[in-house]
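The values are calculated or read from the model by the stated rules, or taken from the named source; none is laboratory data. Everything numeric here is computed off the predicted structure, so don't read it as measured data. We place every Cβ from the backbone using ideal geometry, glycine too, and count neighbours over all the protein chains shown.
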Amino acid sequence: MERLNDYSITLRLDTRVIGGRDCRHEVLLNCYFTEPLKFIDSKEDFERVSEEELNQIIHEHDTITFQKYLSCSDEKGAIMAKYYKKYKCEGGFSAKKLLKCVVDFETDVRPMEKTKWFGKIDQHHTFFEGLRLNDDNSYSIFWGS
């Protein structure tokens, strides 16, 4: 799993604003990763991650669960919740399969009202910074900007 955290990947989000002046809403049309890169030496040079490496099993369990904290404030105070999604892959997950699961998860959570960034789908925190294991054995996905 550590290998995945060493990849340099950017999440791309295609969105569109629909509706008129009185009722505008942003929708997520497509969500995908750029081609994964990795450092090749101390000179900060990158190379493509090979298809062979992407197809290697890096998470040997048949399931993985991602979790996202959701929070917002209203007149009654702050509200905290968690969103979980579980994925199954018999025989374990390759890096390629895990990245597809991350994209699927982000396709679900990015449009959620409680995860919006200044009222819009967050298109600023898109640099993949890795997965972190939580106390409940779920994983959180970390993003940089």
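Which one of 114, 120 is of a type in the set (Lys, Arg), touching a Cys at 6+ places or on another chain (Cβ under 9 Å) and over 18 Å from residue 1 (Cβ atoms)?
Residue meeting the stated conditions: 114.
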- Query: Residue check: is residue 93 surrounded by 11 or more Cβ atoms within 10 Å (Cβ to Cβ) and modelled with pLDDT of 95 or more?
  - Reply: yes
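Output the residue which, of all residues in segment 125-145 that are at pLDDT 90 or above and assigned to a loop (DSSP other than H, G, I, E, B), is farthest from residue 2 (Cα to Cα).
The selected residue is 125.
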- Any chance segment 37-48 includes a residue that's over 23 Å from residue 3 (Cα atoms), surrounded by fewer than 14 Cβ atoms within 10 Å (Cβ to Cβ), in contact with a Leu (Cβ under 9 Å, 6 or more places away or on another chain) and without any contact (Cβ under 8 Å) to a residue 40 or more places away in the chain? no
- Query: Just checking, which of 6, 22 is more than 19 Å from residue 144 (Cβ to Cβ) and of a type in the set (D, E, K, R)?
  - Reply: 22
